[in-house]
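The values are calculated or read from the model by the stated rules, or taken from the named source; none is laboratory data. Predicted, not measured: the structure shown is a model, and the values here were computed from it. Note that each Cβ is placed from the backbone with ideal geometry, even for glycine, and that neighbours are counted across all protein chains shown. Quick note on the areas: whole protein, heavy atoms, side chains included, nothing else; ligands and nucleic acids left out. Shrake-Rupley method; radii C 1.70, N 1.55, O 1.52, S 1.80 Å.
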Amino acid sequence: MAGQPKLFLQHKIRYEILGGNGLSGIEIEGLCPLDGEIVIQGSKNAALPMMAAAVLHRGITVLKNVPRIRDVFCMMDILESMGCSCELEGHQLAIDGQTLKRIAIPRAYVTAMRSSIVLLGAFLGRCGEAATYYPGGCSIGSRPIDLHLYGLRKLGAKIEEQGDGKIAARADKLCGSRIRFPFPSVGATENVLLAAVRAGGTTVVEGAAREPEIISLCRMLNGMGARISGIGEDTIVVEGVSGLHDSEYTVPGDRIVAGTYLSCVMAATGRACLRGADGAELPEVLKIMRHMGAEVETAPSGVRVSMRRRPKPVSLKTGPYPGFPTDLQSPMLSLLSISDGCGQVRETVFEGRFATARELRKMGACIDIDGSQAVVSGRYPLHGAVVSAPDLRGGAALVVAALAAEGRTEISGCGHILRGYEDICGDLNALGARILRRPEETAAR
Ligand code: UD1
């Protein structure tokens, strides 16, 4: 661990104290049909901006059904290092924003979690001041933040971009404004909403993202006393308020985790009931999965899936909600790799999402990439191999592929998977998978 920044080490220690099952790798014996019921964890992408929203209030915000994952622990660390107090008991997180003292996010945290950028809008809304660093590119793409900065500037923030990648933002007074996004960025929409809640006057956000996580954030903010309308539409209107109050909100089930587990059942064959999954949040995914041969039933309590055969091939294109989510593109690549024919995927959101293909090829997958297009010729089964998780969803996709592979697959780099999945091994083993966890060695701590 030599060379790791001190803050990162603190975060890792907290992770272990909180009972995160650190993993250096996992081993999967494939071709084992699944059967059973699991509960879907709370949504990572909903919980993180909600934690940022808590900063807007000088008091207590309670979030229920918070997933116990690395990104949440990292956000807790950031909030605590800024002076807030965070108490996580089970899946209930109480954040006290009263004691917020600092508004400069250390670079180590920004590197560990790019989505910490949403704190920029929250700190500006609360204190009229914020500082952070450029998140920089990552394995899934270049991750620019121009739309975030454009929106915050329209609200009156003066933002200085300094040579070392530091961003310093200040606003004597944030003022409502008309903001028009050329692309519905999830993070930029969240950042602007967080800053606009306590701005003077009315903010109109046109071209806003419509992802379910944006809807949850708006509902939570309204529960704190914000005045937001147009929720779920591409134009959102925020009437600024001068103060917020204590509140409680339940984080919804994670639609991406649900989509991953649906893919697992489709790869392994069998059936499962995913309690807490909301089928209405996966319109395009369920449509594609049905085309591939899955029988899917949705109910208020969850989603049931059954798969009896090898998937049929499909062509799909990722896109902003309600399009096919880019986060489920990698698991879909795994499913197409075992399909009964030739399928295609076009990635329109993050250019680097095809890194998983390199690892899938080691398992026998036949994937040709040309720019943003992948052509996949299915073969069944794949074969076990030693592979490495390239990123969070790419890691999950390797688990999906390993369930349809003959023999043993060893996946390293599982730290990526732990950022977003609370207990992927335990959940799949409860359905009858054969997954062995290789715990992190003490010497490596
Ligand atoms: C969020 C999700 C991520 C998901 C993505 C798209 C979280 C923590 N992460 O990421 O899992 O895959 O939405 O659904 O919620 N862009 C710009 N300029 C900007 C901002 C974005 O050009 O200022 C581009 C990005 O490079 C990308 C596209 O817009 O090509 C989508 O990005 P965005 O919707 O902002 O994704 P994130 O909020 O980063």
Legend entry - Selection count, segment 113-136, where residues are at pLDDT 95 or above and open to solvent by 50 Å² or more (accessible area, probe 1.4 Å): 2
Inset, instruction - Mind telling me which of the residues Leu34, Leu88, Leu93 ends up being modelled with pLDDT of 95 or more, outside the structural domain of Ala188 (by TED's automatic domain parsing), more than 19 Å from Arg393 (Cβ to Cβ) and aliphatic (A, V, I, L, M)? - result: Leu34
Legend entry - Search result, residues across segment 137-156 that are touching an Asp or Glu at 6+ places or on another chain (Cβ under 7 Å) and open to solvent by less than 20 Å² (accessible area, probe 1.4 Å): Ile140, Gly141
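Yes/no matrix, rows are residues, columns are (1) away from the ligand (no atom under 11 Å from the Cβ); (2) part of a loop (DSSP other than H, G, I, E, B):
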| position | (1), (2) |
| --- | --- |
| Ser330 | no, no |
| Leu333 | yes, no |
| Val345 | yes, no |
| Val349 | no, yes |
| Glu359 | yes, no |
| Gly364 | yes, yes |
| Tyr380 | yes, yes |
Legend entry - Residue ID - modelled with the lowest pLDDT, chosen from residues in segment 137-171 that are away from the ligand (no atom under 12 Å from the Cβ), assigned to a loop (DSSP other than H, G, I, E, B) and not polar (S, T, N, Q): Gly163
Legend entry - Enumeration of residues in segment 315-356 that are open to solvent by less than 30 Å² (accessible area, probe 1.4 Å) and among the aliphatic types (A, V, I, L, M): Leu316, Leu328, Met332, Leu333, Leu335, Leu336, Ile338, Val345, Ala355
Legend entry - Residue ID - farthest from the ligand (Cβ to nearest atom), chosen from residues in segment 176-195 that are hydrophobic (A, V, I, L, M, F, W, C) and in contact with an Asp or Glu (Cβ under 9 Å, 6 or more places away or on another chain): Ile179
Inset, instruction - Could you identify the single residue in Ser301, Ser216, Ser315, Ser306 that is more than 28 Å from Val376 (Cβ to Cβ) and more than 16 Å from the ligand (Cβ to nearest atom)? - result: Ser301
Legend entry - Among the candidates Ser337, Ser377, Ser372, residue that is under 12 Å from Ala402 (Cβ atoms), out of contact with any Pro (no Cβ under 6 Å at 6 or more places or on another chain), small (Gly, Ala, Ser) and assigned by TED's automatic domain parsing to the domain that holds Arg308: Ser337
Legend entry - Odd one out for Ala277 among (1) away from the ligand (no atom under 16 Å from the Cβ); (2) open to solvent by 50 Å² or more (accessible area, probe 1.4 Å); (3) in a loop (DSSP other than H, G, I, E, B): (2)
Inset, instruction - Check off (1) under 25 Å from Pro135 (Cα atoms); (2) surrounded by fewer than 16 Cβ atoms within 10 Å (Cβ to Cβ); (3) modelled with pLDDT of 95 or more for Thr189 and give me the number that stays unchecked. - result: (2)
